[in-house]
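What follows is one structure encoded as structure tokens, with my remarks underneath.
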Amino acid sequence: MSAQPASPLPEATTGTLEILDLLRSGKILTKTEIAAQTGFSRSTVNQRIDSLLEAGLVVPSGAESTKGRPAGSFAFNRTAGQFLVADIGATAMRIGLCDLTGAILDEVELKVDVTDGPDVVLGMVKTEFSSLLMQAGAGPATVLGVGISVPGPVDTDTGRVVHPPIMTGWDGYDIPGSFRNEYNCPVIVDKDANAMAFGEQQTTYPHVEHLLMVKIGTGVGSGLISDGRLHRGADGAAGDIGHNYVPKPAGVENEPECRCGNTGCLEAYAGGWALLRDLQAQGLELATVDEAVRLLRSGERNAVRLARTASRLLGEAIAVTVNLFNPRVVVIGGQLAAAEEYYFAGIREAVYRRSLPLATRSIEIVGSTRGNQAGVIGIALLVAQSVFTQYPLPHIEAAREPAPARQPA
Ligand SMILES: [Zn+2]
């Protein structure tokens, strides 16, 4: 979430946000069309377009446009600045430079150990941010938003992670504050599964109002889109299904300890770290979750057996969420979802068996369409949404604007 408290929206500024929103959707429109589509008077549209032009957020478009729009049309200026984003995972991170629509212009992937703590990990992020900007011939002054997604629960008001099970040393760390010296813009922090849910919904399922994203990576988490909006819950903790209690499956002697300090959590059976732990316990020499996934995909007997059990437990937990929440689409992503052939059948079977027919009659349970880019795309889109749907807008002083007049209906 934004580290800056959302400004109250004065009546005087609503026209600008609505017009900007219309143009951000990719439309190229004349003032007459904008007035018709927003219901604002022609003079309000004139004033708002003038201030958006002055801010550089909108550009004239038309005569030279290949889309055959008439002269006097206006478009969102996606190149009026940049966003910098980082999708930090337990063992790897993707760092990207994006245009103002959230489209990725350039990106790098790095190995990382999130337990090295925020100084080390965010230090690496800052180094990559600088080099991405330099390669693009840009600098910190044109960065209009920074987005960081992390594998842990995030306090939506402060952008701080709170008691993160796997992010040793990050508890309460002021992530937005750590960027303040370099970047004079909003810094958005959200948990990885929320970013992925938003990215999948915005890019692949724009007409789906209710979507559940389940990330099976090193840990297990989920993000919910409800009524077309990201549902973070009262404190930002919504969707943390990885630490749901799972009754001990047959053949398991002792409930496994979880990284959160409890025992018997879903991810202690079904997360990537649990798969790695169990394969190591059987004497297999593996060091990372990636190696465990590779072994699984090769069809190794022990790995397949563990994945089958895990898929059933995941499916049962997802079924509970389906019963509570009735999503139209369930997207499964994360490292382990790459081994789709060993997970999806068990998940689907459990969801259909455990959920009510009304909730499953038109449900889709699918893999992520964005693969390992899902997180970075999602956090970039969350930054765009945060920067352009509330005041202060970049380069615009809200107080200067007179109240808009609506056209008579
Ligand atoms: Zn746990």
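The values are calculated or read from the model by the stated rules, or taken from the named source; none is laboratory data. Just so you know, these numbers come straight off a predicted model, no measurement behind them. Positions of Cβ are backbone-derived with ideal geometry, glycine not excepted, and every protein chain shown enters the neighbour counts. All accessible areas refer to the heavy atoms of the entire protein, side chains included, with ligands and DNA or RNA removed. Shrake-Rupley method; radii C 1.70, N 1.55, O 1.52, S 1.80 Å.
In region 298-323, what residues are among the hydrophobic types (A, V, I, L, M, F, W, C), more than 22 Å from the chain's Cα centre (by Cα) and under 23 Å from His243 (Cβ atoms)?
Within region 298-323, Leu306, Ala307, Ala310, Leu313, Ala319, Val320 meet the criteria.
Filter region 274-285 for residues that are surrounded by 18 or more Cβ atoms within 10 Å (Cβ to Cβ) and either within 11 Å of the ligand (Cβ to nearest atom) or assigned to a loop (DSSP other than H, G, I, E, B) (or both) and give the result.
The one that is surrounded by 18 or more Cβ atoms within 10 Å (Cβ to Cβ) and either within 11 Å of the ligand (Cβ to nearest atom) or assigned to a loop (DSSP other than H, G, I, E, B) (or both): Ala274.
So if I check each of Arg232, Arg259, which one is modelled with pLDDT under 95, away from the ligand (no atom under 16 Å from the Cβ) and surrounded by 17 or more Cβ atoms within 10 Å (Cβ to Cβ)?
Arg232 is the lone residue from the list that is modelled with pLDDT under 95, away from the ligand (no atom under 16 Å from the Cβ) and surrounded by 17 or more Cβ atoms within 10 Å (Cβ to Cβ).
Quick check on my filter: what residues within region 89-112 are in a strand (DSSP E or B) and of a type in the set (A, V, I, L, M, F, W, C)?
Ala92, Met93, Ile95, Leu97, Cys98, Ile104, Leu105, Val108, Leu110
Assess whether Ala238 counts as being of a type in the set (Gly, Ala, Ser), within 14 Å of the ligand (Cβ to nearest atom) and either open to solvent by 20 Å² or more (accessible area, probe 1.4 Å) or not assigned by TED's automatic domain parsing to the domain that holds Asp171 (or both).
no
Residues that are away from the ligand (no atom under 16 Å from the Cβ), under 12 Å from the mean Cα position of the chain (by Cα), β-branched (Val, Ile, Thr) and surrounded by fewer than 18 Cβ atoms within 10 Å (Cβ to Cβ): does region 219-226 have at least one?
Scanning region 219-226 turns up no residue that is away from the ligand (no atom under 16 Å from the Cβ), under 12 Å from the mean Cα position of the chain (by Cα), β-branched (Val, Ile, Thr) and surrounded by fewer than 18 Cβ atoms within 10 Å (Cβ to Cβ).
Looking only at region 336-368, which residues are touching an Asp or Glu at 6+ places or on another chain (Cβ under 7 Å) and not small (Gly, Ala, Ser)?
Hit for region 336-368 is Arg354, nothing else.
Taking region 187-213, which residues are under 17 Å from Ala319 (Cβ atoms) and either open to solvent by 40 Å² or more (accessible area, probe 1.4 Å) or within 16 Å of the ligand (Cβ to nearest atom) (or both)?
Matches in region 187-213: His210 only.
Restricting to region 286-302, what's the tally of residues that are in a helix (DSSP H, G or I), surrounded by 15 or more Cβ atoms within 10 Å (Cβ to Cβ) and not acidic (Asp, Glu)?
The number of residues fulfilling the criteria is 8.
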